[in-house]
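J.: Questions regarding the structure given below will be posed in turn.
The values are calculated or read from the model by the stated rules, or taken from the named source; none is laboratory data. Treat the numbers as computed from the prediction; the structure is a model and nothing was measured. With ideal geometry, Cβ positions are generated from the backbone for all residues, glycine too; neighbour counts draw on all protein chains shown.
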Amino acid sequence: MTRDRDSSRTILIAAGGTGGHIFPALAVMGELNSIYPDLQVTWLGSSHRMEASLIPSRGIDFIGLRQTEIRRKLTPGNILYNIRTLWFLLRSIFLSIGIVRKLRPRLILTTGGFAAGAMGLAAGYTKTPLVIIEPNAYPGLTNRRLGKKASIVFTAYEDAKKYFDPDRTITYGAPARREVIEADRIEARKKLGLDDGTLLVLATGGSQGAAGINRHLPEAIKKLTETGNLQIRIIHQCGKGKKEAVVSELSSGMDQFYEVVEFIEDVPSYLAASDIVISRAGASTLAEIACRGLPAIIIPFPHSSENHQVKNAKAWESSGAAICIEEVDLTPKSLSGSLNKLLTEPDTRLQMGENARRFGNPESASDIARKLMEYLD
């Protein structure tokens, strides 16, 4: 059915691949839904990435397209792979144009990732307003290219503005989910059975886990407990299918305070209860750490596209908002030393948490939604 763009509040969201692309878009969508209960949202993403299951599970209309990444290292195998990728891209562009013509959305919102390129080009072809949210310190290639034609660009970092037209770019911070911002710390700690004197360290490498954290954290904690009488609890999200390997690295008695889980459903509560976070440097994770004002040890994923996680982590470290340990430098000793500093120096934790807050704007999603009202009213 063809909808009249003037009578129906319809938007298209093109985002996916990683949580860093998905969760900022979900946060803005949530704020828009609060303003416009009649808002109609269709989400376009990759048919074989995490959004393919996550978005439909939230009751959002989802269209999945077959898309793969460009491999930058030129080998014979990668050249053939990239030819297939370009075919998928061309097909996705034509399909995206058809979707836009059918739904006639008031705007197309993208945060980058596999889905953004085709839908961004479709926005230009159909003259549909394109809105970009760039949650990283260094914008990805897709957003840098699409930014030249975007109606408006929202950046999380001031330094990212230089890659876009300054007259159409606003820095509001990275959008964080409302449930993360509003989670009650006292209730969250009560739910986890934590008393006032226990420091909770939340270690997470995302839904898939992080090999470096999984490999080194048990030994790092063992070193800490051997050298001091620390009242701590560790909750370690290791990723699906990896729990047994991590548990096998725990020394006798460590299971009394070191809990290994494959996946955390209620991330807002766990963040609210935490005192220190060990994590990757994805955009959505950092936005949520910032909004909670938590000190963190950040271990950027070394193979992120255009090394954006390292750039995010370095921006935080240079501002005193986190300790950055690159994967090549990650050892039980480096991890235990950094963690010991935060555990034993309350003033350092407090100052680092305050510095982290400067990277967060709890009202970012709301600010972006209000700015988008000019396209929807």
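J.: Do we find that Asn361 is in a helix (DSSP H, G or I) and surrounded by 15 or more Cβ atoms within 10 Å (Cβ to Cβ) in this structure? If you could, list the steps in order and put the result at the bottom.
T.: Numbers: in a helix (DSSP H, G or I): no; surrounded by 15 or more Cβ atoms within 10 Å (Cβ to Cβ): yes.
For Asn361, the condition - in a helix (DSSP H, G or I) and surrounded by 15 or more Cβ atoms within 10 Å (Cβ to Cβ) - is not met.
J.: Mind checking which pairs have a first residue in segment 256-269 that is β-branched (Val, Ile, Thr) and a second that is in a strand (DSSP E or B) and at pLDDT 90 or above, Cβ under 6 Å, 6 or more apart or different chains?
T.: Val260/His236; Val261/Gln237; Ile264/Gln237
J.: A follow-up question, please. Do you know which residues across segment 154-208 are surrounded by fewer than 21 Cβ atoms within 10 Å (Cβ to Cβ), at positive phi and touching a residue at least 24 places away in the same chain (Cβ under 8 Å)?
T.: Hit for segment 154-208 is Gly206, nothing else.
J.: Cβ contacts < 8 Å: first residue more than 25 Å from Ala174 (Cα to Cα), restricted to segment 331-360; second residue part of a loop (DSSP other than H, G, I, E, B) and of a type in the set (Gly, Ala, Ser), any location; separation 6+ or different chain. Result?
T.: Asn340/Gly228; Thr344/Gly228
J.: Testing Val180 on (1) hydrophobic (A, V, I, L, M, F, W, C); (2) touching a Pro at 6+ places or on another chain (Cβ under 8 Å); (3) in a loop (DSSP other than H, G, I, E, B), one condition comes back false. Which one is that?
T.: Looking at each condition in turn, Val180 falls short on (3).
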